[in-house]
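Shown next, in C-alpha coordinates, is the structure this report addresses.
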Amino acid sequence: MVRPRVLLLDVAPGELLDRELERLLGHGLAVTLNLRRVADKAMARATWAGRVDFTDFDAFDEPALIAETVRDGIGYHAVKSRAGVPLRAAFLAAATDSALASRLRVVGRAGAGTDHVDPAAAALHGVDVTHTPDSNANAVAEFALAQLLALIRNLPVHNEAAHRGHWTAPAAPAAELSELSLGIVGLGRVGLRLAERATALGMAVQGLSRRPTETSVPRAESLTALLATSDVVSLHLPLTARTRGMIGRAELASMRPESILLNTARGGIVDEQALADALSEATHPLAAAAVDTFEHEHATFASPLFGLPNALLTPHVAGMTRGAMATAAVRCADHIAALLAGRRDGVPVVTD
(Lines give C-alpha, C1' and ligand atoms only; values in the text may rest on other atoms or scores of the structure.)
Protein backbone atom coordinates (compact mmCIF):
# COMPACT_ATOMS: atom_id res chain seq x y z
CA MET A 1 0.00 0.00 0.00
CA VAL A 2 1.34 3.43 -0.96
CA ARG A 3 1.75 5.72 2.03
CA PRO A 4 0.10 9.16 1.71
CA ARG A 5 2.68 11.84 1.03
CA VAL A 6 2.83 14.97 3.20
CA LEU A 7 4.94 18.08 2.60
CA LEU A 8 5.81 20.09 5.71
CA LEU A 9 6.27 23.65 4.51
CA ASP A 10 7.49 24.66 7.96
CA VAL A 11 7.67 22.90 11.31
CA ALA A 12 7.55 23.68 14.99
CA PRO A 13 10.95 24.91 16.24
CA GLY A 14 13.51 23.15 18.41
CA GLU A 15 12.58 19.92 20.15
CA LEU A 16 8.98 20.27 18.97
CA LEU A 17 10.15 19.33 15.46
CA ASP A 18 10.87 15.78 16.68
CA ARG A 19 7.43 15.46 18.28
CA GLU A 20 5.74 16.63 15.11
CA LEU A 21 7.63 14.25 12.85
CA GLU A 22 7.11 11.29 15.18
CA ARG A 23 3.37 11.97 15.20
CA LEU A 24 3.13 12.13 11.41
CA LEU A 25 5.24 9.01 10.92
CA GLY A 26 3.20 7.24 13.57
CA HIS A 27 0.16 7.72 11.34
CA GLY A 28 1.97 5.92 8.53
CA LEU A 29 2.53 9.01 6.41
CA ALA A 30 5.46 9.57 4.06
CA VAL A 31 6.93 12.91 5.14
CA THR A 32 9.01 15.42 3.21
CA LEU A 33 10.51 18.09 5.47
CA ASN A 34 11.29 21.54 4.10
CA LEU A 35 14.50 22.59 5.85
CA ARG A 36 14.31 26.29 4.93
CA ARG A 37 13.05 27.41 8.37
CA VAL A 38 14.83 24.73 10.42
CA ALA A 39 17.53 26.28 12.64
CA ASP A 40 19.91 23.28 12.67
CA LYS A 41 19.57 21.68 9.25
CA ALA A 42 22.54 19.36 9.70
CA MET A 43 21.12 17.96 12.92
CA ALA A 44 17.70 17.44 11.33
CA ARG A 45 19.28 15.55 8.43
CA ALA A 46 21.40 13.41 10.74
CA THR A 47 18.50 12.61 13.05
CA TRP A 48 15.84 11.86 10.46
CA ALA A 49 17.79 10.54 7.46
CA GLY A 50 16.16 7.37 6.17
CA ARG A 51 12.85 8.14 7.84
CA VAL A 52 11.83 11.36 6.07
CA ASP A 53 12.79 13.02 2.80
CA PHE A 54 14.21 16.54 2.66
CA THR A 55 13.84 19.61 0.50
CA ASP A 56 14.91 23.22 0.97
CA PHE A 57 13.03 26.11 -0.63
CA ASP A 58 11.26 29.34 0.25
CA ALA A 59 7.61 28.36 0.65
CA PHE A 60 6.57 32.03 0.47
CA ASP A 61 7.90 32.11 -3.12
CA GLU A 62 4.89 30.75 -5.04
CA PRO A 63 6.82 29.60 -8.16
CA ALA A 64 9.27 27.73 -5.91
CA LEU A 65 6.40 26.20 -3.96
CA ILE A 66 4.67 25.03 -7.13
CA ALA A 67 7.93 23.68 -8.55
CA GLU A 68 8.52 21.56 -5.44
CA THR A 69 4.94 20.34 -5.39
CA VAL A 70 4.96 19.07 -8.98
CA ARG A 71 8.62 17.94 -9.05
CA ASP A 72 9.07 14.71 -11.02
CA GLY A 73 5.31 14.51 -11.49
CA ILE A 74 4.86 12.98 -8.04
CA GLY A 75 3.02 15.57 -5.95
CA TYR A 76 1.74 15.40 -2.38
CA HIS A 77 -1.54 14.30 -0.84
CA ALA A 78 -1.27 16.93 1.91
CA VAL A 79 0.68 20.05 2.78
CA LYS A 80 1.05 21.49 6.25
CA SER A 81 2.09 24.98 7.33
CA ARG A 82 2.49 26.80 10.61
CA ALA A 83 3.32 30.35 9.57
CA GLY A 84 0.43 30.71 7.13
CA VAL A 85 2.22 30.23 3.80
CA PRO A 86 -0.15 31.66 1.14
CA LEU A 87 -1.82 28.84 -0.78
CA ARG A 88 -3.65 30.55 -3.61
CA ALA A 89 -5.47 29.50 -6.76
CA ALA A 90 -2.36 28.90 -8.91
CA PHE A 91 -0.81 26.60 -6.32
CA LEU A 92 -4.03 24.69 -5.66
CA ALA A 93 -4.60 24.15 -9.38
CA ALA A 94 -1.04 22.86 -9.88
CA ALA A 95 -1.11 20.64 -6.78
CA THR A 96 -4.34 18.92 -7.85
CA ASP A 97 -3.38 18.37 -11.48
CA SER A 98 -4.62 14.97 -12.65
CA ALA A 99 -1.18 14.25 -14.15
CA LEU A 100 0.37 14.04 -10.67
CA ALA A 101 0.80 10.65 -9.06
CA SER A 102 -0.27 12.15 -5.71
CA ARG A 103 -2.91 14.86 -5.98
CA LEU A 104 -3.42 17.32 -3.13
CA ARG A 105 -6.38 16.44 -0.91
CA VAL A 106 -5.69 18.20 2.40
CA VAL A 107 -4.20 21.48 3.59
CA GLY A 108 -3.45 21.61 7.30
CA ARG A 109 -2.41 24.53 9.46
CA ALA A 110 -0.85 24.10 12.89
CA GLY A 111 -2.55 27.15 14.33
CA ALA A 112 -5.80 29.08 14.21
CA GLY A 113 -7.14 30.64 11.03
CA THR A 114 -7.11 29.62 7.38
CA ASP A 115 -7.12 33.00 5.61
CA HIS A 116 -3.84 31.96 3.94
CA VAL A 117 -5.81 29.54 1.75
CA ASP A 118 -8.01 30.58 -1.16
CA PRO A 119 -11.33 29.01 -0.05
CA ALA A 120 -13.03 29.12 -3.44
CA ALA A 121 -10.06 27.47 -5.16
CA ALA A 122 -9.81 24.83 -2.44
CA ALA A 123 -13.49 23.99 -2.83
CA LEU A 124 -13.22 23.96 -6.62
CA HIS A 125 -10.37 21.43 -6.52
CA GLY A 126 -11.83 19.31 -3.72
CA VAL A 127 -9.18 20.15 -1.14
CA ASP A 128 -10.11 19.96 2.55
CA VAL A 129 -8.70 22.77 4.70
CA THR A 130 -8.21 22.13 8.41
CA HIS A 131 -6.59 23.95 11.32
CA THR A 132 -6.28 23.85 15.14
CA PRO A 133 -8.55 26.66 16.35
CA ASP A 134 -8.28 26.08 20.12
CA SER A 135 -4.58 25.30 20.33
CA ASN A 136 -3.30 28.81 21.07
CA ALA A 137 -6.31 30.52 22.65
CA ASN A 138 -4.72 30.80 26.10
CA ALA A 139 -1.43 32.02 24.66
CA VAL A 140 -3.04 34.78 22.58
CA ALA A 141 -5.29 35.92 25.43
CA GLU A 142 -2.27 36.19 27.73
CA PHE A 143 -0.34 38.09 25.08
CA ALA A 144 -3.12 40.64 24.67
CA LEU A 145 -2.93 41.33 28.40
CA ALA A 146 0.84 41.64 28.14
CA GLN A 147 0.42 44.19 25.34
CA LEU A 148 -2.01 46.19 27.45
CA LEU A 149 0.18 46.17 30.56
CA ALA A 150 3.23 47.20 28.54
CA LEU A 151 1.35 50.16 27.09
CA ILE A 152 -0.45 51.49 30.16
CA ARG A 153 2.73 51.25 32.26
CA ASN A 154 4.88 52.61 29.41
CA LEU A 155 7.35 49.74 29.74
CA PRO A 156 9.08 50.16 26.34
CA VAL A 157 9.96 53.79 27.09
CA HIS A 158 11.18 53.08 30.62
CA ASN A 159 13.20 50.10 29.41
CA GLU A 160 14.91 52.09 26.67
CA ALA A 161 15.69 54.98 29.04
CA ALA A 162 17.09 52.66 31.70
CA HIS A 163 19.37 50.98 29.16
CA ARG A 164 20.73 54.43 28.33
CA GLY A 165 21.39 55.10 31.99
CA HIS A 166 18.52 57.56 32.38
CA TRP A 167 16.36 57.52 35.52
CA THR A 168 12.91 58.59 34.36
CA ALA A 169 9.65 59.08 36.17
CA PRO A 170 6.19 58.87 34.57
CA ALA A 171 4.88 62.23 33.37
CA ALA A 172 1.55 61.26 34.93
CA PRO A 173 0.45 58.33 37.09
CA ALA A 174 -0.69 55.28 35.13
CA ALA A 175 -4.15 53.74 35.35
CA GLU A 176 -4.63 50.35 36.95
CA LEU A 177 -6.41 47.66 35.00
CA SER A 178 -9.39 47.86 37.34
CA GLU A 179 -9.87 51.48 36.30
CA LEU A 180 -10.24 50.57 32.63
CA SER A 181 -13.04 49.11 30.53
CA LEU A 182 -12.26 46.49 27.88
CA GLY A 183 -14.18 45.97 24.65
CA ILE A 184 -13.58 42.65 22.92
CA VAL A 185 -14.48 42.43 19.24
CA GLY A 186 -15.00 38.73 18.61
CA LEU A 187 -16.17 36.41 21.40
CA GLY A 188 -14.69 33.22 20.03
CA ARG A 189 -12.19 31.03 21.86
CA VAL A 190 -9.55 33.72 22.33
CA GLY A 191 -12.00 36.52 23.06
CA LEU A 192 -13.69 34.53 25.81
CA ARG A 193 -10.36 33.53 27.39
CA LEU A 194 -9.35 37.18 27.41
CA ALA A 195 -12.68 38.18 28.94
CA GLU A 196 -12.20 35.66 31.77
CA ARG A 197 -8.70 36.94 32.56
CA ALA A 198 -9.56 40.61 32.29
CA THR A 199 -12.62 40.18 34.53
CA ALA A 200 -10.49 38.39 37.14
CA LEU A 201 -8.15 41.40 37.10
CA GLY A 202 -11.02 43.76 37.80
CA MET A 203 -11.69 45.20 34.36
CA ALA A 204 -15.19 46.00 33.18
CA VAL A 205 -15.62 43.88 30.04
CA GLN A 206 -18.07 44.05 27.16
CA GLY A 207 -18.00 42.21 23.86
CA LEU A 208 -19.30 42.02 20.32
CA SER A 209 -19.81 38.76 18.46
CA ARG A 210 -20.78 37.83 14.91
CA ARG A 211 -22.59 34.73 16.16
CA PRO A 212 -24.79 33.95 19.17
CA THR A 213 -22.52 32.80 21.99
CA GLU A 214 -23.46 31.47 25.42
CA THR A 215 -21.46 33.71 27.72
CA SER A 216 -21.95 36.03 30.64
CA VAL A 217 -19.94 38.77 28.91
CA PRO A 218 -22.22 41.82 28.44
CA ARG A 219 -22.91 42.57 24.77
CA ALA A 220 -22.40 45.92 23.09
CA GLU A 221 -25.22 46.99 20.78
CA SER A 222 -22.87 47.66 17.88
CA LEU A 223 -19.24 48.15 16.96
CA THR A 224 -19.72 51.91 17.15
CA ALA A 225 -21.15 51.62 20.66
CA LEU A 226 -18.32 49.36 21.80
CA LEU A 227 -15.64 51.67 20.43
CA ALA A 228 -17.18 54.72 22.06
CA THR A 229 -17.49 53.12 25.51
CA SER A 230 -14.24 51.13 25.88
CA ASP A 231 -10.90 52.38 27.16
CA VAL A 232 -9.24 49.40 25.53
CA VAL A 233 -10.40 47.57 22.38
CA SER A 234 -8.99 44.14 21.57
CA LEU A 235 -9.63 42.43 18.22
CA HIS A 236 -10.21 38.67 18.01
CA LEU A 237 -11.79 37.99 14.63
CA PRO A 238 -10.85 35.91 11.59
CA LEU A 239 -9.94 37.79 8.43
CA THR A 240 -12.80 37.45 5.95
CA ALA A 241 -14.30 39.58 3.20
CA ARG A 242 -16.66 40.91 5.85
CA THR A 243 -14.01 41.82 8.46
CA ARG A 244 -11.30 43.15 6.13
CA GLY A 245 -10.80 46.86 6.85
CA MET A 246 -13.54 46.95 9.51
CA ILE A 247 -11.39 49.24 11.69
CA GLY A 248 -10.73 52.29 9.53
CA ARG A 249 -10.58 56.06 9.92
CA ALA A 250 -14.19 56.50 10.99
CA GLU A 251 -14.02 53.71 13.55
CA LEU A 252 -10.75 54.98 15.02
CA ALA A 253 -12.15 58.50 15.27
CA SER A 254 -15.14 57.20 17.23
CA MET A 255 -12.99 55.67 19.96
CA ARG A 256 -12.89 56.97 23.50
CA PRO A 257 -10.33 59.70 24.39
CA GLU A 258 -6.96 58.22 25.46
CA SER A 259 -8.04 54.79 24.28
CA ILE A 260 -5.85 51.84 23.30
CA LEU A 261 -6.24 49.37 20.41
CA LEU A 262 -4.86 45.81 20.55
CA ASN A 263 -4.65 43.59 17.47
CA THR A 264 -3.57 39.97 17.82
CA ALA A 265 -6.07 38.78 15.18
CA ARG A 266 -5.16 39.54 11.55
CA GLY A 267 -3.52 42.58 10.01
CA GLY A 268 -6.07 43.13 7.28
CA ILE A 269 -8.81 43.82 9.81
CA VAL A 270 -7.26 47.23 10.57
CA ASP A 271 -6.44 49.89 8.00
CA GLU A 272 -2.78 50.32 8.95
CA GLN A 273 -2.38 53.69 7.25
CA ALA A 274 -5.44 55.03 9.06
CA LEU A 275 -4.05 53.65 12.31
CA ALA A 276 -0.65 55.23 11.69
CA ASP A 277 -2.28 58.59 10.91
CA ALA A 278 -4.35 58.39 14.09
CA LEU A 279 -1.34 57.61 16.25
CA SER A 280 0.59 60.48 14.65
CA GLU A 281 -2.11 63.05 15.45
CA ALA A 282 -1.74 64.55 18.94
CA THR A 283 -5.43 65.39 19.25
CA HIS A 284 -6.74 62.03 18.06
CA PRO A 285 -8.69 60.07 20.71
CA LEU A 286 -6.53 56.99 20.15
CA ALA A 287 -3.50 57.20 22.44
CA ALA A 288 -1.63 53.98 21.60
CA ALA A 289 -1.85 50.65 19.82
CA ALA A 290 -0.23 47.25 20.11
CA VAL A 291 -0.07 45.31 16.84
CA ASP A 292 1.06 41.70 16.44
CA THR A 293 -0.41 41.01 13.01
CA PHE A 294 0.13 42.97 9.80
CA GLU A 295 -1.16 43.22 6.26
CA HIS A 296 2.32 42.27 5.02
CA GLU A 297 4.37 39.78 7.02
CA HIS A 298 7.51 37.65 6.81
CA ALA A 299 9.69 38.54 3.80
CA THR A 300 7.30 41.31 2.75
CA PHE A 301 7.02 42.81 6.24
CA ALA A 302 6.34 46.52 5.95
CA SER A 303 4.00 48.92 7.70
CA PRO A 304 3.30 52.65 8.02
CA LEU A 305 3.42 52.03 11.78
CA PHE A 306 7.21 51.71 11.74
CA GLY A 307 8.90 54.28 13.97
CA LEU A 308 5.83 55.50 15.86
CA PRO A 309 6.63 55.68 19.60
CA ASN A 310 3.06 54.93 20.65
CA ALA A 311 2.84 51.78 18.51
CA LEU A 312 4.04 48.57 20.16
CA LEU A 313 4.90 46.21 17.30
CA THR A 314 5.65 42.48 17.49
CA PRO A 315 6.14 39.93 14.65
CA HIS A 316 3.02 37.71 14.97
CA VAL A 317 4.24 35.90 18.06
CA ALA A 318 1.14 36.00 20.29
CA GLY A 319 0.40 32.29 19.92
CA MET A 320 3.99 31.08 20.14
CA THR A 321 4.28 29.35 23.50
CA ARG A 322 5.68 25.86 24.02
CA GLY A 323 2.33 24.45 25.02
CA ALA A 324 0.38 26.10 22.22
CA MET A 325 2.82 25.14 19.49
CA ALA A 326 3.14 21.55 20.69
CA THR A 327 -0.64 21.15 20.82
CA ALA A 328 -1.07 22.71 17.37
CA ALA A 329 1.60 20.52 15.76
CA VAL A 330 0.22 17.26 17.15
CA ARG A 331 -3.42 18.11 16.46
CA CYS A 332 -2.66 19.20 12.92
CA ALA A 333 -0.86 15.91 12.28
CA ASP A 334 -3.88 14.03 13.60
CA HIS A 335 -6.30 16.08 11.49
CA ILE A 336 -4.30 15.52 8.30
CA ALA A 337 -4.04 11.77 8.91
CA ALA A 338 -7.75 11.48 9.67
CA LEU A 339 -8.84 13.36 6.55
CA LEU A 340 -6.48 11.37 4.32
CA ALA A 341 -8.00 8.19 5.76
CA GLY A 342 -11.54 9.46 5.11
CA ARG A 343 -12.32 10.02 8.81
CA ARG A 344 -13.96 13.42 9.12
CA ASP A 345 -15.73 13.19 12.47
CA GLY A 346 -14.31 15.65 14.99
CA VAL A 347 -11.94 17.26 12.47
CA PRO A 348 -12.46 21.01 11.91
CA VAL A 349 -12.85 21.50 8.16
CA VAL A 350 -13.30 25.04 6.90
CA THR A 351 -16.18 25.46 4.48
CA ASP A 352 -16.17 29.25 3.87
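The values are calculated or read from the model by the stated rules, or taken from the named source; none is laboratory data. All values reported here derive from a predicted model rather than from experimental measurement. All Cβ positions, even for glycine, are placed from backbone atoms using ideal geometry, and neighbour counts span all protein chains on display. The accessibility values were calculated without ligands, DNA or RNA, using every heavy atom of the protein model including side chains. Shrake-Rupley method; radii C 1.70, N 1.55, O 1.52, S 1.80 Å.
Taking the highest mean first, how do the peptides 331-342, 167-178, 302-313 order by number of other beta carbon atoms within 10 angstrom per residue? Don't skip to the end; give the middle numbers.
Details: 331-342: 20.8, 167-178: 9.8, 302-313: 15.9.
Sorting 331-342, 167-178, 302-313 by mean packing, highest first, produces 331-342, 302-313, 167-178.
Output the relative contact order of the chain, whole-number percent, from Cα pairs under 8 angstrom with separation of 6+ residues.
Numbers: 661 pairs, mean separation 60.1, N = 352.
This gives 17 percent for the chain.
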Relative packing of 81-88, 316-323, which averages over residues the other C-beta atoms within 10 Å, highest first: 81-88, 316-323
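Determine, for each peptide in 261-273, 279-291, 152-164, the mean count of other beta carbons within 10 angstrom over its residues, then list the peptides with the highest first.
Result, highest mean Cβ count within 10 Å first: 261-273, 279-291, 152-164.
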In order through segment 314-328: 3J(HN,Hα) via Karplus (6.51 cos²θ - 1.76 cosθ + 1.60), integer Hz, x for Gly, Pro: 9, x, 6, 10, 4, x, 8, 10, 4, x, 5, 5, 5, 4, 4
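Please list the equivalent ellipsoid semi-axes of segment 149-280, computed as the square roots of five times the alpha-carbon gyration tensor eigenvalues, in descending order and whole angstrom. Can you show the working numbers first?
Numbers: eigenvalues 148, 69, 35 Å².
The three semi-axes for segment 149-280 are 27, 19, 13 Å.
Taking Cα pairs under 8 Å and at least six residues apart, what relative contact order does segment 200-352 come out at, in percent? Kindly include the intermediate steps, with their values, before the conclusion.
Working: 209 pairs, mean separation 23.9, N = 153.
About 16 percent, as a whole number.
If each DSSP helix of 4+ residues adds -39,500 (n - 2.57) and the sum is divided by the residues in the chain, what number results at 222 nm, nearest 500 deg cm²/dmol? Before the final figure, lay out each step's value.
Details: 12 runs with 116 residues, N = 352.
For the chain, the value works out to -9500 deg cm²/dmol.
If you average the sequence gap of Cα pairs under 8 Å that are 6 or more apart and divide by the length of segment 247-331, what percent do you get for the contact order? If you can, show how the numbers build up before the last one.
Details: 125 pairs, mean separation 25.1, N = 85.
RCO, segment 247-331: 29 percent.
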Entry for Cα Rg over 2.2 N^0.38 Å (calculated from the structure that is shown) out of (i) 1.07; (ii) 1.21; (iii) 0.99: (i)
Inter-centroid distance (Cα atoms) of segment 49-119 relative to segment 150-223, Å: 38 Å
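Quick one: order 47, 32 from most to least accessible surface, probe 1.4 Å.
Output order, biggest surface exposure first: 47, 32.
Test of the criteria: in segment 1-52, which trypsin sites (Lys or Arg not before Pro) are in a DSSP loop and have at most 13 other Cβ atoms within 10 angstrom of their Cβ?
Values: sites: 5, 19, 23, 36, 37, 41, 45, 51; in loops: 36, 37, 51.
In loop regions of segment 1-52 (DSSP not H, G, I, E or B), the sparsely surrounded trypsin sites (Lys or Arg not before Pro) are 51.
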